[in-house]
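Notes for the one structure printed next.
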Amino acid sequence: MKFYVNWRSSLGSIFKNKKRSALTMFGIIIGIAAVIAILSIGRGFERDTIKSLTPGESSKLEVNITFNPDDPALYYSNLDMIQPSDMEIVRNLDGVEKVSYPKADLSYIYKDIPIKNKMKNKRIGVVKKQGKPVLYGRSLTVYDNETQNKVALVDEGIAKSLYKSGKAAIGRGIEIEDQVLTIVGVFKEAAGQSMFSAEETSIQVPRKTYIHFFGNDQDTSSLVLTLRQGTKPNKVADKAIKKLKSNGAMRDQGEYQVADTALMTDGISDVLSTITLFVSAVAGISLFIAGVGVMNMMYISVSERTKEIGIRRALGATRGAIRTQFLLEGVTLTLVGGIIGYLLGMIVAYAVGSAMNISVSVDLFTVLLAVGVSSGIGLLFSVMPASEAAKKDLIDILR
């Protein structure tokens, strides 16, 4: 009950001097708004930057671990350089959500094709939907891909080398690694391409057909670790490398290493956070100035209300009650200013973020910061004026 009475008295004093109270709050509002806007925009920019460094479409971080063999000939062997047992080792590490080999890149495939009793290296393109426009026959379709139809398109140069003409090649076969695919279409040879060059795509095959009959050219020299939200990539990477160096299946034949831009995110995140906090601290200087303004106003209020203090003391109010009243007055003034400043800061942040196409990060921290800092300023800069009001001697006041 006493707290409520003191608080009502504080509100009465604030509303009694509306203009002075508003001007005092103005400094708090501007300071809080500046800090909140900078923090929200800075954290949003940090999140966007980290997301742009995250490979794949997922918002989760990934770390790539590679195995570099001492003998380069291992690259051309059928041996898995990172074996399933290695995957199990790192799968059990804290922070690791999923472990897999990297997705195969089928964009640039080169195969040796037998042409006129000679092996010629040709570039093969895989097709999910529609193949190239053809001169003879038909193109590849979605149906060919979905049914894993064993068909292919070849360019006019290959068709002439195999069957003397494009028309003659339709319905005939082309051999790729002991698999024979039916030629259903012949497309125009790329401009500037000689008969046996492999600079442009010479053969097209349905994607699912290629994977079914030739595999997906899986790279087993690399491993992708998908991390749980909030996990530090460098810590997980260090643990994974230590485990593989001591227990990896190929540890005696090469070296396990980490080569991934995801590891940059920790450092970049720290740098961006530091910059954001530094700029916020610079903007926060205005809060200190506003706090001095609050102290000045409170000293003036104490001076003007000497008689009020004397009357309250004569009616039985303790020094603690007087101190509490003035502390509540300062805290209420700055707290209201902090809330208004927070709302203004978010409006500014969203406006700037929309204009610059930057995300704005709003979290509980910014809310607590606005409330905590504004309340703290009110409390800190009201202590001395409140203490002075409480120390006034009743006899001196009544004189």
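Shape class for the stretch 287-399, computed from the alpha carbon gyration tensor (a ≥ b ≥ c): prolate, with a/c not under 1.5 and a/b above b/c. Please enumerate, by chain and number, the lysines with C-alpha under 23 Å from the C-alpha of K208, excluding those fewer than 8 residues away in the same chain. List returned: K103, K111, K122, K128, K129, K132, K150. For Y350, the solvent-accessible surface computed with a 1.4 Å probe is close to 120 Å², ligands and nucleic acids excluded. Within the assembled protein chains, the solvent-accessible surface assigned to S161 is about 10 Å², based on a 1.4 Å probe.
What the Cα convex hull of the stretch 311-366 gives, in volume per residue, is 77 Å³.
Sorted by accessible area (1.4 Å probe), largest first, how do D48, D155, D71 line up?
D71, D48, D155
A 1.4 Å probe, protein heavy atoms only, puts the accessible area of D70 near 120 Å². For the set K111, K98, solvent exposure ranked by accessible area (probe 1.4 Å, protein chains only) runs largest to smallest as K98, K111.
Accessible surface ranking for Y256, Y101, 1.4 angstrom probe, highest first: Y101, Y256.
Counting only lysines at least 8 places from K98 when in the same chain, those with an alpha carbon closer than 22 Å to its own are K51, K60, K232, K235, K239, K242, K243, K245.
Shape call for the stretch 297-338 from the C-alpha gyration tensor, a ≥ b ≥ c root eigenvalues: rounded (a/c under 1.5), prolate (a/b greater than b/c) or oblate? Because a/c hits 1.5 or more and a/b fails to exceed b/c, the stretch 297-338 counts as oblate.
The values are calculated or read from the model by the stated rules, or taken from the named source; none is laboratory data. This is a predicted model, so every value here is computed, not measured. Ligands, DNA and RNA are excluded from the accessible area calculation, which covers all protein heavy atoms including side chains. Shrake-Rupley method; radii C 1.70, N 1.55, O 1.52, S 1.80 Å.
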